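My questions all concern the structure below.
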Amino acid sequence: MAAEDQSQTSQSDLPYVLILKPPPSFVLFGDHFFHSPNFQYLKAYESPLPLPHFLHTHAQSVQALLSSGGAPVTADTIRLLPRLGLVVTTSQGLNHIDLSECRRRGIAVAGAGTIFSADCADSAVGLLIDVLRKISAANRYVKQGLWSSQGIYPLGYKLGGKHVGIVGLGSIGTEVAKRLEPFGCSISYNSRSKKPLVPYTFYPNVVELAANCDALIICCALTDETHHLISKEALLALGKDGVIINIARGPIIDEKELVHCLVKGEIRGAGLDVFEHEPDVPVELFALDNVVMSPHNAVFTRESFDDLCKLVVGNLEAFFSNEPLLTPVALDDLPHFSGRKD
Amino acid sequence: MESIGVLLACPMNSYLEQQLDKRFKLYRFWTVPDKSSFLASHKDSIQAVVGNAAAGADAELIEALPKLEIVASFSVGLDKIDLTKCKEKGIRVTNTPDVLTEDVADLAIGLMLAVLRKLCESDRYVRSGKWKRGDYVLTTKFTGKKVGIIGLGRIGMAIAKRAEAFSCPISYYSRTEKPEIKYKYYPSVVELAAHCDILVVACPLTKETHHIINREVINAMGPKGVLINIGRGPHVDEPELVSALVERRLGGAGLDVFENEPYVPEELFGLDNVVLLPHVGSGTVETRQAMADLVIGNLEAHFQKKPLLTPVV
């Protein structure tokens with residue numbers, strides 16, 4: 001690696017990028033994953049100092065911060081870094097960053113752009129087919145030897161012809177819609193605003209959307225407005241034949257109500273990649289065959305990590321060479337983000 | 001029509017059974033204590049057989065039923081029916097095409113996603129209660145993977161159409177090249193296998209396609225290749241497939257069908273890159289009802305001397 005070849009003096013000339021906690025890529029691939037010869041990392045988590053003390057010590061050196069979903073960037077943290085000019089996040093979501101504080105301070109934010117949209121959409125469609133066709137449940141059945149002893153497996157439900165409602169028609173929602181069209185699904189959506197050139201039916205609120213579809217797919221960002229957006233009312237409107245898929249953020253759904261509806265059969269099933277209090281998952285779900293769960297890994301493919309590496313390094317290198325960021329987040333049209341951690 | 005004897009080959013669908021019972025004199029073949037003496041004593045009463053993917057009408061059964069006029073299959077596959085013998089004897093044969101095309105294609109895509117994205121493994125992991133912070137399950141991206149389809153009939157085309165929406169380049173093998181189709185054609189299954197990431201079996205089972213997935217094809221697929229079988233178990237040399245998966249010479253498999261259903265090789269049970277389903281390709285409430293209605297519709301049409309809805313012979 002180039003860093004090892006450099007002398008002590010030129011190493012200390014490299015600008016610092018602060019990391020508060022190791023991102024998933026470091027855990028999976030090692031902490032050289034986002035290496036660049038043009039900057040170096042300052043790993044707060046390797047220091048014995050309490051964080052505020054650590055930040056105070058290095059305040060003047062830190063111009064950029066590399067964040068991940070599990071390492072929130074709060075106003076308090078930002079205020080301890082007077083020279084901070086850029087926050088780069090490895091996650092799709094931005095709800096863990098106090099974007100208002102960044103805007104106030106003139107700190108740029110670089111996100112994941114659309115590199116994760118395909119994987120997120122693939123997860124959403126995969127979970128939908130799994131729930132309707134009982135793939136995970138039937139796989140369990142066969143692998144327990146029950147097909148030969150207990151016989152015919154219960155029937156699933158056809159995906160073709162179903163009305164699918166997408167909550168949040170951004171990049172991910174659009175990719176979901178594109179994939180479901182050849183399955184014969186009719187697509188409708190709810191979004192902050194109606195999208196003029198889109199061929200899908202718009203519903204002005206989520207309850208109306210739920211009432212008019214067989215499956216709801218949550219693809220929106222977590223903000224103050226979307227917290228518990230999927231309420232008891234929306235779930236009851238979705239109804240006994242309805243399925244809900246969440247690949248966005250756990251707190252968008254009122255989880256207690258969701259569990260209640262699933263246990264009581266008020267909705268047909270759910271596919272969940274995210275939960276309100278990860279990694280804690282309501283134990284009532286473990287006994288349900290009409291629920292398919294995954295451990296928040298909708299974007300965790302080798303291919304996406306390779307794309308992420310290029311993007312993160314590219315954004316940081318652009319920043320330090322005063323060039324335009326690859327995937328800047330627009331901070332002028334923010335919904336209300338209180339920087340709440342997911 | 002209540003006096004017309006219909007032999008139901010095996011349990012397949014309670015709605016179908018109810019409807020047959022209402023309209024005809026129904027004989028449930030699996031409940032008789034001695035099949036050959038039953039056939040001997042009822043040979044003049046049975047005019048129709050209803051079969052499915054598991055059991056149909058072979059030469060022996062056809063010969064035992066001199067009054068047999070029609071075999072209506074609760075499936076699109078015809079591998080359990082001796083078509084030659086039926087043609088010889090002027091026995092009509094019907095199946096259930098089109099109504100199940102979408103469900104089977106949906107399941108094929110579902111299996112691809114389940115294998116590559118480890119949906120079943122991920123669910124098992126969360127369900128175990130062992131998910132803790134810092135644990136990550138890494139999977140393989142599906143979008144953009146090369147999908148090779150064996151058999152570009154109704155089901156093969158439906159799979160292609162769906163996979164295209166995931167930006168998957170499509171290639172295929174068929175008995176003959178289809179010039180009007182824009183997908184890349186390979187003149188042999190081995191060549192197709194060598195040039196795709198995911199290989200799907202979607203052709204009918206015939207003498208020619210028996211064990212069409214053999215050791216040579218599996219070797220060509222390689223250690224990252226994924227096999228999806230929504231056709232028939234005998235399309236695959238099952239012991240070869242099992243050893244390739246156990247020895248990790250093949251990347252993964254999504255299988256809805258097996259050589260000796262409902263028996264599935266137990267060596268596959270512990271493999272996290274293998275998804276096993278109990279032959280549910282057309283197994284939805286909506287589609288099984290449509291299939292049952294087609295079987296009933298064909299039988300009624302025949303005995304009312306009207307044109308059959310979905311004749312094969």
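The values are calculated or read from the model by the stated rules, or taken from the named source; none is laboratory data. Every value quoted in this text rests on a predicted model; they were computed, and no experiment measured them. Virtual Cβ from ideal backbone geometry, glycine too; neighbours counted across all protein chains shown. For accessibility, only protein heavy atoms count, side chains too; no ligands or nucleic acids. Shrake-Rupley method; radii C 1.70, N 1.55, O 1.52, S 1.80 Å.
Which translational diffusion coefficient, to the nearest whole µm²/s, is obtained for region B:139-206 from the Stokes-Einstein equation, given a Kirkwood hydrodynamic radius over C-alpha pairs, 4 °C and 1.567 mPa s?
109
Hey, what's the Cα Rg ratio for region B:33-173 versus the globular rule of thumb, 2.2 N^0.38 Å?
Rounded to two decimals, the normalised Rg is 1.57.
Next question, about the same structure. Which value, in Å to one decimal place, does the Kirkwood hydrodynamic radius take for the protein assembly as shown when every pair of different Cα atoms is included?
After inverting the pairwise mean of 1/r, the radius is 27.2 Å.
What is the calculated FRET efficiency for residue A:56 to residue B:128, with r their C-beta to C-beta distance and R₀ = 41 Å, to the nearest 0.05?
It comes to 0.45.
Residues of region A:152-263: accessible area per residue at 1.4 Å, in Å²?
Normalised by residue count, the accessible surface of region A:152-263 is 39 Å².
Report the extension gain between residue A:260 and residue A:323 in nm, rounded to one decimal, defined as 0.36 nm multiplied by the number of residues separating them, less their alpha carbon distance.
17.6 nm
Now for a separate question. Buried by at least 40 Å² relative to the chain on its own: which residues of region B:114-128 qualify, computing accessible area with a 1.4 Å probe on protein heavy atoms?
By number: B:117, B:119, B:120, B:123, B:126, B:127.
Charges on Cβ only, +1 for Lys and Arg, -1 for Asp and Glu, centred on the Cα centroid of chain A; of A:229, A:42, A:75, which one is farthest towards the dipole's positive end?
A:229
Starting from the Cα-Cα distance between residue B:138 and residue B:14, subtract it from 0.36 nm times their residue separation and give me the gain in nm to one decimal.
Answer, rounded to one decimal: 40.4 nm.
Among A:193, A:61, A:117, which one shows the highest mean-square fluctuation when chain A is modelled as a Gaussian network with alpha-carbon springs under 10 Å?
Maximum among the listed residues: A:193.
At what distance in angstrom do the alpha carbon centres of region A:90-108 and region A:163-220 lie from each other?
Cα centres, region A:90-108 to region A:163-220: 27 Å.
Where only protein heavy atoms count, and the probe is 1.4 Å, what is the accessible area per residue for chain B in Å²?
Normalised by residue count, the accessible surface of chain B is 42 Å².
Compute the Rg/Rh shape ratio of chain B: radius of gyration over Kirkwood radius, all on alpha-carbon atoms.
Over the Cα atoms of chain B, Rg/Rh equals 1.02.
Further question on the same structure: Using a 1.4 angstrom probe on protein heavy atoms only, which residues from region B:270-290 are buried by at least 30 Å² of accessible area when all chains are present rather than their own chain alone?
Buried on complex formation: B:276, B:277, B:278, B:280, B:283, B:284, B:285, B:286.
Which residues of region A:164-181 show a drop of at least 10 Å² in accessible area when all protein chains are present, compared with their chain alone (probe radius 1.4 Å, heavy atoms only, ligands and nucleic acids excluded)?
Those residues are A:178, A:179.
Sticking with this structure for a sec: Once the dipole of region B:205-313 is set up with Lys and Arg at +1 and Asp and Glu at -1 on Cβ about the Cα centre, which of B:234, B:258, B:205 lies farthest towards its positive end?
The Cα lying farthest towards the positive end belongs to B:205.
Let me ask something additional. Please report, in debye to the nearest 20, how large the charge dipole of region B:100-178 is about its Cα centre when each Lys and Arg carries +1 at its beta carbon and each Asp and Glu carries -1 there.
320
Hey, in the GNM for chain A with a 10 angstrom Cα cutoff, which one of A:145, A:126, A:85 fluctuates hardest?
Taking springs between Cα atoms under 10 Å, the residue moving most is A:145.
Please work out how much length the chain gains when fully extended from residue B:161 to residue B:272, using 0.36 nm per residue of separation minus the C-alpha to C-alpha distance, in nm with one decimal.
Here the segment from residue B:161 to residue B:272 would lengthen by 37.2 nm.
Return the average number of partner chain Cβ atoms within 10 angstrom of each residue Cβ along peptide B:137-148.
Shielding by partners across B:137-148 averages 5.
Pop the C-beta distance of residue A:280 and residue A:227 into the FRET formula with R0 = 22 Å and round what comes out to the nearest 0.05.
It comes to 0.75.
Once A and B are treated as a pair rather than alone, how much accessible area drops out, both sides summed, in Å² to 100, probe 1.4 Å?
5300
Only helical DSSP H runs with n ≥ 4 go in: add -39500 (n - 2.57) per run for chain A, normalise by residue count and round the 222 nm mean residue ellipticity to 500 deg cm²/dmol.
Per the formula, -9500 deg cm²/dmol.
Separate question: If you average the C-alpha positions of region B:218-246 and of region B:145-184 separately, how far apart do those two centres end up, in angstrom?
Measuring centre to centre over Cα atoms gives 19 Å.
Using alpha-carbon pairs under 8 Å, 6+ residues apart, how would you state the relative contact order of chain B in percent?
17
May I ask you to work out the translational diffusion coefficient for chain A at 20 °C, viscosity 1.002 mPa s, via Stokes-Einstein with Rh from the Kirkwood sum over Cα pairs, reported in whole µm²/s?
99
Starting from the 7 Å offset along Cα-to-Cβ, what nm value, one decimal, do you get for the label separation of residue B:3 and residue B:246?
A separation of 5.8 nm, rounded to one decimal place.
Shifting gears a bit: Once both labels are modelled 7 Å past Cα along the beta-carbon direction, what's the residue A:12-residue B:176 spacing in nm?
For residue A:12 paired with residue B:176, the spin-label model returns 8.0 nm.
Now for a separate question. Springs between alpha-carbon atoms under 10 Å, Gaussian network over chain A: tell me which of A:69, A:30, A:168 tops the mean-square fluctuations.
A:30
Hey, any idea what % of the protein assembly as shown's accessible area is carbon plus sulfur with a 1.4 Å probe?
51
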